[in-house]
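The values are calculated or read from the model by the stated rules, or taken from the named source; none is laboratory data. Note that the structure is predicted; figures quoted are calculated from it, not measured. Here the Cβ positions follow ideal geometry from the backbone for every residue, glycine too, while neighbour counts run over all protein chains shown.
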Amino acid sequence: MKILALDSSGLTASVAVIEDENLMGEYTMNYKKTHSQTLLPMLDELAKMIELDLQSIDAIAVAGGPGSFTGLRIGSATAKGLGLALDKPIVHVPTVDGLAYNLWGHKDFVCPLMDARRNQTYTGLYEFTADGMNILVESCAVGIEEILEKINEYGRPVVFLGDGVPVFRAIIEEKCRVPYSYAPAHLNRQRAGAVGVLGMEYYKQGKYQSAAEHKPDYLRLSQAERERAEKEKNAKPEVRVMTIEDGAAVAEMEHQSFSDAWSEKAVLETLRQPTALCLVAEKAGRRVGYLLAYQAADEIEIARVAVVEEVKRQGVGTALMKKLQKEGTQRKAGKILLDVREKNYTAQAFYEKTGFKKDGVRKSFYTEPEEDAVLMSMQISG
């Protein structure tokens, strides 16, 4: 059996090929490059080095989450694309399970820690016995102190690994009341070899899916995130003019909202255009929506607008439109234009509610899938 394995769920990018009980090759990089730049070239280089015919693989194992949203999206999109092209199944390996598998056979409990920001960690708790890897605490997103309390309750020595170790080291040293150690450098980050070996076990157990079915697992909201969501829900939307510092966050919202998402580079290039009018909406200090538009003479045309799913119907879209009208009036614009998919009835209803009227239809304007565009406009002065 031959498994192609991918892991781009964190700071490290890694590609490996496992054949039966042999690691045929592994390419791992933890450097200042984005996974979109490295993952496919790494796969191509590895395939050349081991003379791999991709058609010969039986399945593709991918670290499917939790982890970095962008990293998971890149890894899953790569696995999905290969799976569809090669007609091969996908084995979804939870990221922290694969990370724990680096320390196969370790005598102590194994606790992977991935930095999830705001004192949160993607983690789990594992032990290895003669029967294999036992999961004591399943993959979860919790506060660092919560997982340390669990470890203290078990009262067993533990080894920590992952990019969360340097982030939480001081808290570990203060709060962990059992003997602990840290994995060495060659084992303390994600490795596709471990994902591949574990993926092979899952495949043999029938734990795989079609490429069409595969999607990454971002995990449910943690308690802290649920509290933040409640705070955001009660907060008033604040809209301001976008700055360069907003580029990465807007690009991430793009990828959450659109199949033809703009890259961060494209967003920043738009922002730098002298005719651009770009806005960002925040709730409780978090960016939750944006609007990108251009002005030509006395008309402003909306190019992109989106609100993150969890704060929809909380006034963010309306606040963006009101701010656009105000900015347009200051720029002496008389009309705002936009187009929307013909079957996107929800968006059309929202635009009509905010003052837009339907002007006509542009045939086959959209692709993937092909669809007509409804043209709408709103007068803002005169």
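Return yes when Glu310 is touching a strand residue (DSSP E or B) at 6+ places or on another chain (Cβ under 6 Å) and either modelled with pLDDT of 95 or more or not hydrophobic (A, V, I, L, M, F, W, C) (or both) and no when it is not.
Spelling it out, it is not the case that Glu310 is touching a strand residue (DSSP E or B) at 6+ places or on another chain (Cβ under 6 Å) and either modelled with pLDDT of 95 or more or not hydrophobic (A, V, I, L, M, F, W, C) (or both).
Could you tell me which numbered condition Val361 fails, if it satisfies all but one of (1) buried (at least 16 other Cβ atoms within 10 Å of the Cβ); (2) of a type in the set (A, V, I, L, M); (3) farther than 19 Å from Val280 by Cα?
The number of the failed condition is (1).
Rundown of residues vs (1) of a type in the set (Gly, Ala, Ser); (2) surrounded by 15 or more Cβ atoms within 10 Å (Cβ to Cβ); (3) assigned to a strand (DSSP E or B); (4) under 24 Å from the mean Cα position of the chain (by Cα), yes/no style:
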residue: Arg169; (1), (2), (3), (4): no, no, no, no
residue: Glu173; (1), (2), (3), (4): no, no, no, no
residue: Val178; (1), (2), (3), (4): no, yes, no, no
residue: Ala185; (1), (2), (3), (4): yes, no, no, no
residue: Asn188; (1), (2), (3), (4): no, yes, no, yes
residue: Gly196; (1), (2), (3), (4): yes, yes, no, yes
residue: Met200; (1), (2), (3), (4): no, yes, no, no
residue: Tyr203; (1), (2), (3), (4): no, yes, no, no
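In the range 46-57, is there at least one residue being touching a residue at least 24 places away in the same chain (Cβ under 8 Å), assigned to a helix (DSSP H, G or I) and buried (at least 19 other Cβ atoms within 10 Å of the Cβ)?
Yes - at least one qualifying residue is present in the range 46-57.
What pairs come out if I take residues in the range 232-255 that are assigned by TED's automatic domain parsing to the domain that holds Tyr290 and pair them with residues that are surrounded by fewer than 20 Cβ atoms within 10 Å (Cβ to Cβ) and of a type in the set (Gly, Ala, Ser) whose C-beta lies under 7 Å away, six or more apart or interchain?
Partner pairs satisfying both residue conditions: Glu232/Ala284; Ala235/Ala284; Pro237/Gly315; Ala251/Ser263; Glu254/Ala261; His255/Ala261.
Kindly list the number of the only condition in (1) out of contact with any Ser or Thr (no Cβ under 9 Å at 6 or more places or on another chain); (2) within 26 Å of Ser14 (Cα to Cα) that fails for Pro179.
Result: Pro179 passes all but (2).
Residues of the range 234-247 being part of a helix (DSSP H, G or I) and closer than 15 Å to Val288 by Cβ, which ones?
Asn234, Asp246
In the set Val137, Val96, which member is free of Cβ contacts under 8 Å to residues at least 24 places away in the same chain, in contact with a Cys (Cβ under 9 Å, 6 or more places away or on another chain) and either assigned to a loop (DSSP other than H, G, I, E, B) or at negative phi (or both)?
Val137
Got a number for residues in the range 323-345 being surrounded by fewer than 15 Cβ atoms within 10 Å (Cβ to Cβ) and either without any contact (Cβ under 8 Å) to a residue 24 or more places away in the chain or not in a loop (DSSP other than H, G, I, E, B) (or both)?
Count: 4.
Is it the case, given these coordinates, that Ala281 is touching a helix residue (DSSP H, G or I) at 6+ places or on another chain (Cβ under 6 Å) and assigned to a loop (DSSP other than H, G, I, E, B)?
Considered against the rule, which asks whether it is touching a helix residue (DSSP H, G or I) at 6+ places or on another chain (Cβ under 6 Å) and assigned to a loop (DSSP other than H, G, I, E, B), Ala281 comes out as no.
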